[in-house]
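Colleague: Sharing a structure with you now.
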Amino acid sequence: MKTAKKKSAKTDVIEEPSQEPRPVFRPRAECVAAGKALRENVPLERHAEWKPSSLGRDLIDILEKSNQGRVPELVPIRYGRMLRSPFTFLRGSAAVMAHDLATTPNSGIQVQACGDCHLLNFGLFATPERNLVFDINDFDETLPAPWEWDVKRLATSFFVAARDNDHSDEEGRAAAVESVRAYRERLRDYSKKNPLEVWYERLDAQTLIDMAPDAKIKKRREKFAEKARQRVGEHLFPKISETAGGRHRLIDQPPLIFHVNDQDYEAEVNEAFEAYRLSLSDERRVLLDRFRLEDTVLKVVGIGSVGTRCFVDLFFSPQNHPLLLQFKEARPSVLEPYAGKSRYENQGQRVVMGQRLMQSSSDIFLGWTKNRRGHDFYGRQLRDMKISVPIEGCTPKQLKLYAEVCGWTLARAHAKAGDAATISGYLGKSDTFDQAIGEFARSYADQTQRDHGTLAAAAEVGRVETLIEEDL
């Protein structure tokens, strides 16, 4: 049966599915046994290992390579944000950790990996049904890769965040271990379920509120959920727009938000938008076509993404209902040099497909495109109740509770996208792996502090240029 290949008039954006053979899934007992047998080659205790490679690890060189193709004027902002603390350094150095994780032991089992699985890449957002759910919310680096890489980066982020909040290393290790324990135990549960149950399962905000161990934390979660519900375009666009010449215009806030002065820019935007439109399913196009494009600005986002091209488009319906879409540049995953190239030529499509596979529910306007300059993008609504959990000032108890939720969420994503039974068989029922990753997280947190110092020293001697913002 042939599948039609759709094209825009100017740009190929939808690729024909590859003719890969269908995978063969075995009974759970066989998968568990196969996973258990893998411990002979890579014992669970070995995952505690971390030591930097003696060859080819020039930190600044790795970071500078990851800057290739970014907007040069914005790179100093990236470095400035990374220098704020070891934790912000970790957030901005996914390419460095990918390089390092590739040297660590792994069982040989791959999943659709997040690729940048730190604790602030989880959070709340709205489903198409307008329910508020908790899930992974950043997939810029998604790619099939060893499942251990996500687990190790997540656990490390908790250890580094604990230090950032002046918690003891014992408390930081407890949070890291908790994220792995939750992952291991939840993954085992998912491996026993009907695949449809796993696919449909989601962690909604009300469940998180009901799970709160005491009234204080319950109230904190209720306030956080209510704050998320206010983060929608209808509330945002009046704060970032103005009316000029009878048109709504997004307000320039250089160097973070600004209009592009280019003679061919409007034509380029319209061309890329049409290609994006064709990446959506037919019923989503019907909805999108009710809106007209009013204005576009370039926006600086995140820490790791600073310097990549990100555009915010403002649309209105005939009755002046606003819609804000964000188009974010998609570059090859930082995992690609170590895990192999994506099956998708368009990196925006790589992000979209990985997100749809791993998330419990995805944005209705999630799609992809390519502009005439050869840059790939993926599009989605701006914010749409999307919010990450603030960690500044959190207590060790709060951090540990959050670690449990993130580990649980990662387990569901991996179970949806990979072989949960084989991974579960490898992990077993003991806490051996949990403790090993706790030790890895401590060692890599030390490495992160050293790397943060190396970047600071490079900035001091002028090897890298930095721009420190007064307020993020």
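Colleague: Quick one: how many residues across segment 149-183 are touching a residue at least 60 places away in the same chain (Cβ under 8 Å), assigned to a helix (DSSP H, G or I) and surrounded by fewer than 24 Cβ atoms within 10 Å (Cβ to Cβ)?
Modeller: 9
Colleague: Criterion first (in contact (Cβ under 8 Å) with a residue 60 or more places away in the chain, in a helix (DSSP H, G or I), under 30 Å from K223 (Cβ atoms) and in the same structural domain as R188 (by TED's automatic domain parsing)) does Q447 satisfy it?
Modeller: So Q447 fails the test.
Colleague: I391 - would you say it is modelled with pLDDT under 95, closer than 17 Å to H118 by Cα, out of contact with any strand residue (DSSP E or B) (no Cβ under 8 Å at 6 or more places or on another chain) and not charged (D, E, K, R)? Outline the logic, then answer.
Modeller: On the way: modelled with pLDDT under 95: yes; closer than 17 Å to H118 by Cα: yes; out of contact with any strand residue (DSSP E or B) (no Cβ under 8 Å at 6 or more places or on another chain): yes; not charged (D, E, K, R): yes.
Taking the combined requirement at face value, the residue satisfies it.
Colleague: Go through segment 61-109 and give me each residue that's of a type in the set (K, R) and under 23 Å from P144 (Cα atoms).
Modeller: Keep residues of segment 61-109 that are of a type in the set (K, R), which gives 65, 70, 78, 81, 84, 91.
Result: K65, R91.
Colleague: Restricting to segment 70-84, name every residue that is under 20 Å from the mean Cα position of the chain (by Cα) and assigned to a loop (DSSP other than H, G, I, E, B).
Modeller: R70
Colleague: Sticking with this structure for a sec: Return the residue satisfying two criteria in turn: it lies in segment 56-69 and is over 17 Å from E329 (Cβ atoms) and assigned to a loop (DSSP other than H, G, I, E, B), and of such residues it is modelled with the highest pLDDT.
Modeller: Step by step, filter segment 56-69, then rank; the result is D58.
Colleague: Then there is this: Filter segment 348-370 down to residues that are more than 10 Å from Y276 (Cβ to Cβ) and either charged (D, E, K, R) or surrounded by fewer than 23 Cβ atoms within 10 Å (Cβ to Cβ) (or both), then give me how many there are.
Modeller: 10
Colleague: Moving on. Just give me the residues in segment 360-419 being of a type in the set (F, W, Y) and either part of a loop (DSSP other than H, G, I, E, B) or within 19 Å of L120 (Cα to Cα) (or both), in sequence order. Spell out how you get there, then give the answer.
Modeller: Residues of segment 360-419 that are of a type in the set (F, W, Y), as a first pass: 365, 368, 377-378, 402, 408.
Across segment 360-419, the qualifying residues are F365, Y402, W408.
Colleague: Go through segment 221-238 and give me each residue that's in a helix (DSSP H, G or I) and in contact (Cβ under 8 Å) with a residue 40 or more places away in the chain.
Modeller: F224, A225, K227, A228, R229, G233, E234, L236, F237
Each row is one residue, and each column tells you yes or no for (1) under 10 Å from the mean Cα position of the chain (by Cα); (2) at pLDDT 95 or above; (3) of a type in the set (K, R).
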{"residue": "F125", "(1), (2), (3)": "no, no, no"}
{"residue": "F139", "(1), (2), (3)": "yes, yes, no"}
{"residue": "T156", "(1), (2), (3)": "no, yes, no"}
{"residue": "F159", "(1), (2), (3)": "no, yes, no"}
{"residue": "N165", "(1), (2), (3)": "no, yes, no"}
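Colleague: Just the residues that are basic (K, R) and out of contact with any Asp or Glu (no Cβ under 6 Å at 6 or more places or on another chain), please, taken from segment 296-352.
Modeller: Keep residues of segment 296-352 that are basic (K, R), which gives 299, 309, 328, 331, 341, 343, 350.
Residues satisfying the conditions are K299, K328, R331, K341, R343, R350.
Colleague: Further question: If you check V351 against the conditions, is it at pLDDT 95 or above and either out of contact with any strand residue (DSSP E or B) (no Cβ under 8 Å at 6 or more places or on another chain) or not assigned by TED's automatic domain parsing to the domain that holds F291 (or both)?
Modeller: Spelling it out, it is not the case that V351 is at pLDDT 95 or above and either out of contact with any strand residue (DSSP E or B) (no Cβ under 8 Å at 6 or more places or on another chain) or not assigned by TED's automatic domain parsing to the domain that holds F291 (or both).
Colleague: Would you list the helices (runs of 4 or more DSSP H) that sit entirely within segment 254-346 and hold 1 or more residues that are modelled with pLDDT under 95 and either over 22 Å from P72 (Cβ atoms) or not aromatic (F, W, Y) (or both)?
Modeller: Counting at least 1 such residues, we get 265-279.
Colleague: Of the residues in segment 436-463, how many are closer than 22 Å to E73 by Cβ and either among the charged types (D, E, K, R) or at pLDDT below 95 (or both)?
Modeller: 2
Colleague: Sticking with this structure for a sec: With (1) more than 29 Å from G428 (Cα to Cα); (2) modelled with pLDDT under 95; (3) buried (at least 20 other Cβ atoms within 10 Å of the Cβ) as the list, and I217 as the residue in question, which single condition is left unmet?
Modeller: Going through the list (1) more than 29 Å from G428 (Cα to Cα); (2) modelled with pLDDT under 95; (3) buried (at least 20 other Cβ atoms within 10 Å of the Cβ), I217 breaks only (3).
Colleague: Please determine whether any residue of segment 304-318 is buried (at least 19 other Cβ atoms within 10 Å of the Cβ) and closer than 30 Å to L187 by Cβ. So that I can check it myself, show each step before the final result.
Modeller: Kept after step one, since they are buried (at least 19 other Cβ atoms within 10 Å of the Cβ), are these residues of segment 304-318: 304-315.
Subsequent filtering for residues that are closer than 30 Å to L187 by Cβ retains 304-305.
For segment 304-318, residues buried (at least 19 other Cβ atoms within 10 Å of the Cβ) and closer than 30 Å to L187 by Cβ: present.
The values are calculated or read from the model by the stated rules, or taken from the named source; none is laboratory data. The structure displayed is predicted, hence computed values, not measured ones. Note that each Cβ is placed from the backbone with ideal geometry, even for glycine, and that neighbours are counted across all protein chains shown.
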